[in-house]
Structures are given as structure tokens and as C-alpha cells.
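The values are calculated or read from the model by the stated rules, or taken from the named source; none is laboratory data. Owing to the predicted nature of the structure, the values given are computational and were not obtained by experimental measurement. All Cβ positions, even for glycine, are placed from backbone atoms using ideal geometry, and neighbour counts span all protein chains on display. To get the accessible areas, we keep the full protein, side chains included, count just its heavy atoms, and leave off ligands, DNA and RNA. Shrake-Rupley method; radii C 1.70, N 1.55, O 1.52, S 1.80 Å.
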Amino acid sequence: MSGLLYKQADSEWSTSRNWYNSRVMDTFISSPIVDKQGDMIPTETLKESMNFYMKYGIYAYKHDEIPIGQPLAWRIKDDKVLLRVGIHNKLDMHDKIWKEIQQFGSNGASSIRGEALSQNQVCPPGESCFTKIDKLGLWSVSWVGDSPANPEATVQTVSMAKQDDEEEEEEEKPKKRIYIDKPSDAPEGVDVKRGKRGGHFYYQKSGENVSENELESNSHIKKCGECSKPVEKCGKCNKPVEVEKFSVRERDRELYRMFTNLETLINASRFENERDRRKIQYQLERIMEWLF
């Protein structure tokens, strides 16, 4: 998001990004104390680094730099930077990490990673020396369980609406297409549609279980060599059955699986411009509509 506005009032969030699911958490990411590595980052220094981080940074898992979420907003609370993060729900990895975050709750923590652009050694009388970072290039914040470098970089809130989250995921899953020979073969009350190549199909209802045998019977694996009807012998042209090594329906299934996987990766990827992601997703949907 360009043109982020950062409000300095202690009670206000920065301009927030929209997020597509209910997996949201608030976490402190640092505090102006000497951490386990002997570094101290003043809150003002961290504030100055947030503009770059909100535009280009990631939320990762234990500093592996693989994004598991995105920064949504930030504010100052108790003289510390509090970050609001959205966690993805597109991959099995995301689900596993989200369960871990929920289990830790307020015992969880975050840790920052960046480049010290300006720093100096400070040695208070009678105390240990430490490195004071005056300018920071912040590119990553990570979930680190309960072992942060800065002991005050703790999670404050984790959304626990597990049921709502599962409902959102269910809505995002593509419905299965059930192919039929003619509209009268469809169950009563379903909306029969016609594909680009002339085939008839309807969408599987939510929660409806379809056996593998039913899928195979609608898959057009067996075809007449003359008229392509899915019968042992069509009775009209009496040509022998042609069994394809890789049927049209099997090919469609595989293509559909690959395209839905691609769509998942697009949704989980970061784009500097949200418009670019939407353009790619729109083109993908048009290709899928034409193919299926």
C-alpha cells in the first residue's frame, strides 16, 4: 500500500491494509531495552524504519525469511511498536504455524531482522557496554515461539475465531464440477450449465459427498470410437469401445488441480502493487473458464 499515513498518537493505528481471513494477531516487535544480543533500539529509531517495512517487509517463521503473513498496521503502545499481522491460510504450512501461534497465545513472541545503518557503542558507568542502533533498515519480523531476542517483544492478542476461519476457507475452496451426458441426468433442483466445449455439468453442493464410482461413471473414460458416447457399444454405430490411456476428463482434472494450485500460490504471494495480483488472478480465471 502506497502513501501510508502514520499517526503519532499513542492510541491510533497506522492506515491498515485489508486482509482476506480472520487470522490476525497483535505483537510487540521490540522495546527500548538491551536485548540478548547486546543491542538497544530506541523506539524513535524503530518508528523511522516502519515506513519501509510496511511497504516491502514480510512476516516470517523463525527467521527463515519465507513469508507466512503480512504486516497490516502498527502503532505505538507503552513506548513500544505494536504490529498487527495477518497470517495466510493457503498452504498446509500456514495452517500448522497458525495452530502453533494460537497454542502459544500471549506466551508467543516476535523478533526483528534488518541492517543497522548507523550505530555506536555506549558504555554507562558501572554497567556493561551495549550497541545503540540509531538508524535501522527493517525488512523482516518473525514469529519465534517463546524465545525472542528482546524479552518484551511479546504477542498481545491472537484471533481465536477458529470456526469462522474454517468457514472462510471452505468458501474459498472451488466447488467440484460433476459432468453428465445430458441435463436430465442431473439430480433434481441443481443448476445445469454448459461448458465452452459443449459438455453439461453442475456444481457439487457444499457438504455433498460423491463416491469415486460416481465420478468415474461421469468421467467419459469409455467412449465409442465413432460417436464418443460413454457406453460399451452405443447401439447406433456399433463401433468398438475406445479406452483412452489418458482420458479427456482425467486431463481436465489434472489441469484444474494445477490451476487451483497456481491460484493458491498467487494469493499467497506478495506483490508491490495489489493491482498486479488482481490482474494475474483475473487472467487465470479467464483461462480456467475457457478450458473448463
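Points to keep in mind about this one:
- Order of exposure, largest accessible area first, which applies to MET93, MET40 with probe 1.4 Å: MET93, MET40
- Of the whole protein surface, LYS55 contributes about 70 Å² of accessible area at a 1.4 Å probe radius.
- Heavy-atom accessible area order for TYR53, TYR61, TYR202, largest first, 1.4 Å probe: TYR61, TYR202, TYR53
- Legend: distances between Cα atoms for LYS55/LYS99; LYS36/LYS96; LYS36/LYS99; LYS36/LYS135; LYS55/LYS90; every pair falls at or below 31 Å.
- Local electrostatic count, PRO183, Cβ distance below 11 Å [Lys/Arg +1, Asp/Glu -1]: 0
- Here the peptides 112-125, 78-91 are ranked by packing, the mean other Cβ count within 10 Å, and the order with the highest first is 78-91, 112-125.
- Peptides ranked, highest mean first, by Cβ atoms within 10 Å: ranges 32-39, 16-23: 16-23, 32-39
- Per-residue accessible area (protein heavy atoms, 1.4 Å probe) orders PHE52, PHE130 as PHE52, PHE130, starting from the largest.
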